[in-house]
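The values are calculated or read from the model by the stated rules, or taken from the named source; none is laboratory data. Just so it is clear, the model here is predicted, and its values are computed rather than measured. A quick note on method: Cβ atoms are made from the backbone with ideal geometry, for glycine too, and the neighbour counts reach across all protein chains shown. Ligands, DNA and RNA are excluded from the accessible area calculation, which covers all protein heavy atoms including side chains. Shrake-Rupley method; radii C 1.70, N 1.55, O 1.52, S 1.80 Å.
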Amino acid sequence: MIVLRPRRLRRSEVVRGLVRENRVHLEQLVQPLFVVERAADAGPIEAMPGIARFDLAGAVDEARALYSLGIKSVLLFGVPARKDAVASSAYDSDGIVQSTIRAIKVAAPEMLVIADLCCCEYTDHGHCGILDSRGEVENDATVQTLARIALTYAEAGADVVAPSDMMDGRVAAIRGALDAAGERDVAIMAYSAKYASAFYGPFREAAGSTPQFGDRRGYQMDPPNAREALREIALDVAEGADIVMIKPGLPYLDVLRAARDRFDVPLAVFNVSGEYAMLKAAAARGWLDGERAVDELLTSFVRAGADVVITYFAKEYALRRG
């Protein structure tokens, strides 16, 4: 009788590498960058060890360093000096994100610059859109604002705009506005299945975007729902999204896999701030081997079907690979 011995192909790192089914490539990683308008707001983020807020010059230096390491895509989040009820600083052509896009494109012309597109960092109430008289986010007014912001990002030189608001119909409106302005080459990476998650806490510290009242469950997705995520993705694909995203990553690997099985479009996943923070905390206490855990984490996203992995671990991973 023949005895089957799969262990033969696990005996050494060489043979394991030879038959490895999934690999994480630096080219598919995206590093988020927080850029502040006031220099005094720059500095380390307490809840995210190893991650900092940069002023404009610091963000440019970081983008240049990332590119030299093989991380060729960044996702920008702006922290403005001024906030109001209608997020007016978000569509200021000289705003912090717009200025950073232009500066990175001068310093590192080949860097792919993705601009997160939302109102939450720019509103004094912290919600992701324009409020109506009842204090609820008004979908269509918010969509108009998002399209206006997208145009300023495109004019500044962004390669990709990434609406993260979860308003209905925003992809179609943004695509229409970009095309009408002659910005047909600017791609849209839609946060198509963005859940109302507990894993965003450290990000809200970093970006200063905590809602001043209520929460975001009225527009972000309900965590128990998976079929709804596939419907949201289908809608965004039909409206012209070039890349679609699942956010967060680890608690929604089933959604990521289901999306990969159903849609033949580039698929992104966002390994969010809370996922980063909990792994960092466990590694700092010696409860996990941090490097091995990061490798396993990133591989899980690729194995589940992601083409693009947005992760705060990108630079750290590239440094080890180099």
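Out of all DSSP beta bridges in the chain, what portion is antiparallel? Express it as a percent rounded to 5.
Working: 3 of 36 bridges.
That works out to approximately 10 percent antiparallel.
Work through the residues other than Met167 whose Cβ is under 10 Å from its Cβ and net out their charges, Lys, Arg +1 and Asp, Glu -1.
Details: positive: Arg170; negative: Glu138, Asp140, Asp165, Asp168.
Surrounding charge for Met167 is -3.
I want the local charge near Met221. Using Cβ-Cβ distances under 14 Å, sum +1 for each Lys or Arg and -1 for each Asp or Glu among the other residues. Write down the numbers at each step before the final one.
Details: positive: Lys194, Arg216, Arg217, Arg227, Arg231, Lys247; negative: Asp165, Asp168, Asp215, Asp222, Glu228, Glu232, Asp236, Asp254.
Residues near Met221 contribute -2 overall.
Tell me the net charge near His25. Cut-off is 12 Å between Cβ atoms, His25 excluded, with +1 for each Lys or Arg and -1 for each Asp or Glu. Each step should come with its number before you reach the end.
Working: positive: Arg23, Lys72, Arg321; negative: Glu27, Asp307.
The answer is +1.
Once phi is turned into ³J(HN,Hα) by the Karplus curve 6.51 cos²θ - 1.76 cosθ + 1.60 with θ = phi - 60°, what whole-Hz value does each residue of the range 56-66 show in order, with x for glycine and proline?
4, 4, x, 5, 5, 4, 5, 4, 5, 5, 4
Once Rh for the range 257-322 is found with the Kirkwood sum over Cα pairs, what is the Stokes-Einstein diffusion coefficient at 4 °C and 1.567 mPa s, in µm²/s? Write down the numbers at each step before the final one.
Working: Rh = 12.8 Å.
D = 101 µm²/s.
In the chain, carbon and sulfur make up what percent of the accessible area (probe 1.4 Å)? Numbers along the way, then the final one.
Values: 7470 of 14650 Å².
With neighbouring chains kept in place, the figure for the chain is 51 percent.
If each DSSP helix of 4+ residues adds -39,500 (n - 2.57) and the sum is divided by the residues in the chain, what number results at 222 nm, nearest 500 deg cm²/dmol?
On the way: 11 runs with 126 residues, N = 322.
That calculation yields -12000 deg cm²/dmol at 222 nm.
Just subtract the alpha-carbon distance of Glu136 and Glu205 from 0.36 nm times their residue separation and send over the number in nm, one decimal.
22.6 nm
Measuring from a point 7 Å past the Cα of Ala181 along Cα-to-C-beta, which residues in the range 102-143 have an amide N at less than 19 Å?
Taking a point 7 Å out along Cα→Cβ of Ala181, the residues of the range 102-143 whose backbone N falls under 19 Å are 102-106, 113-123, 129-130, 140-143.
7 Å from Cα along Cα→Cβ at both Arg320 and Arg303: what's the point-to-point distance in nm?
Result: 1.5 nm between the two label points.
In the chain, what is the count of Lys pairs whose alpha carbons are under 23 Å apart, counting only pairs at least 8 residues apart or on separate chains? Numbers along the way, then the final one.
Details: Lys72/Lys105; Lys72/Lys247; Lys72/Lys315; Lys105/Lys315; Lys194/Lys247; Lys247/Lys280; Lys247/Lys315; Lys280/Lys315.
Eligible lysine pairs with Cα atoms under 23 Å apart amount to 8.
Please get the size of the charge dipole for the range 131-268, origin at its Cα centre, with Cβ charges of +1 on Lys and Arg and -1 on Asp and Glu, quoted in debye to the nearest 20. Working shown, then result.
Working: 15 positive and 22 negative charges, 74 e Å.
In debye, rounded to 20, the range 131-268 gives about 360.
By how many degrees, 0 to 90 and rounded to 10, does the Cα axis of helix 290-304 deviate from the longest principal axis of the chain?
Between the helix axis and the principal axis of the chain, the angle is about 80 degrees.
So if R0 is 51 Å, what FRET efficiency would Gln212 and Arg23 give, r being the distance between their Cβ atoms, rounded to the nearest 0.05?
After rounding, the FRET efficiency stands at 0.70.
What nm distance separates the two modelled labels at Arg257 and Ala65, each placed 7 Å from Cα along Cα→Cβ?
About 3.8 nm separates the two model spin labels.
Suppose every Lys and Arg Cβ carries +1 and every Asp and Glu Cβ carries -1, with no other charges. What dipole size does the chain come out with about its Cα centre, to the nearest 20 debye?
On the way: 38 positive and 45 negative charges, 363 e Å.
In total the dipole reaches around 1740 debye.
What are the extents of the Cα atoms of the chain along their three principal axes, listed from largest to smallest and rounded to whole Å?
76, 41, 39
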